[in-house]
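S.K.: First the structure, which I've put down as structure tokens, then a few questions once you've had a look.
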Amino acid sequence: MDWTYGLPAATLAGVVSAVFMLASQGAFTLGMFATGALAVVFYRRRTPDSTITLWMGTRLGLLSGLIGFAICTSFVALVTLFSGTGRLHSYLLEMAKASPKFGSGSEIQQQWDIIMSPQGFPDLVLLYTFSLLVIFLIFSAIGGLLGATWIRFRKRP
């Protein structure tokens, strides 16, 4: 892979993904799939004679997902810096209450109560940041894989 073309393609796809994620307030998971596929399409437009393997598509997807994640978290950090943590705290609590609970034991409930308390706010931020990173990487890698598959089987005139 020629990274002089791959990095700008992944960056552009990551920016598009971040804009979709921020505009939809984090509910646009289809945009994460599109991130990887767009990175492959942008790379193909820059290098039309290259053969894009599935592994290349996956790497482009991973890189574009990482860039999209970095842009989203930077934007949220800037907003939190200027508006305070109250807005972020209420949003994360709302998301945590809506998320499925894995397990029903008393220990799990106790840990969940600690995370939901004001003292557990840093842990809640880390939990959701890590979860968002994993989701971005997985979905964008799958999108890159699907984009590479689509490009490989598409006939060029």
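The values are calculated or read from the model by the stated rules, or taken from the named source; none is laboratory data. Keep in mind the model is a prediction, meaning the values are calculated, not measured. Heads up, the Cβs are rebuilt from the backbone with ideal geometry, glycines too, and the neighbour counts pull from every protein chain shown.
S.K.: Please go through region 112-149 and pick out each residue that is within 21 Å of the chain's Cα centre (by Cα), in contact (Cβ under 8 Å) with a residue 24 or more places away in the chain and more than 30 Å from Ala37 (Cα to Cα).
M.R.: If the condition is that a residue be within 21 Å of the chain's Cα centre (by Cα), in contact (Cβ under 8 Å) with a residue 24 or more places away in the chain and more than 30 Å from Ala37 (Cα to Cα), then Leu124 is the only one that fits.
S.K.: What helices (runs of 4 or more DSSP H) lie completely within region 54-142 and have 2 or more residues being within 30 Å of Arg152 (Cα to Cα) and either in contact with a Leu (Cβ under 9 Å, 6 or more places away or on another chain) or modelled with pLDDT of 70 or more (or both)?
M.R.: Details: elements: 54-83, 85-98, 106-116.
The qualifying helices (runs of 4 or more DSSP H) are 54-83.
S.K.: Hey, another quick one. Test each condition in (1) over 28 Å from Ala148 (Cα atoms); (2) of a type in the set (Ser, Thr, Tyr); (3) modelled with pLDDT under 85; (4) surrounded by 11 or more Cβ atoms within 10 Å (Cβ to Cβ) for Ser50 and report the one that comes out false.
M.R.: (1)
S.K.: Then there's this: Restricting attention to region 40-47, does a residue exist that is assigned to a helix (DSSP H, G or I), out of contact with any Pro (no Cβ under 8 Å at 6 or more places or on another chain) and under 16 Å from Ile138 (Cβ atoms)? Walk me through it before giving the result.
M.R.: Taking region 40-47 and keeping what is assigned to a helix (DSSP H, G or I), we get 40-46.
With out of contact with any Pro (no Cβ under 8 Å at 6 or more places or on another chain) added as a condition, the list becomes 40-41, 43-45.
Remaining after also requiring under 16 Å from Ile138 (Cβ atoms): none.
Taking every residue of region 40-47 in turn, none turns out to be assigned to a helix (DSSP H, G or I), out of contact with any Pro (no Cβ under 8 Å at 6 or more places or on another chain) and under 16 Å from Ile138 (Cβ atoms).
S.K.: Using beta carbons and a limit of 6 Å, which pairs, at least six apart or on different chains, have the first residue in region 5-17 and more than 11 Å from Leu38 (Cα to Cα) and the second one surrounded by fewer than 18 Cβ atoms within 10 Å (Cβ to Cβ)?
M.R.: Here the result reads Tyr5/Arg46; Tyr5/Thr47, each pair linking region 5-17 to a residue that is surrounded by fewer than 18 Cβ atoms within 10 Å (Cβ to Cβ).
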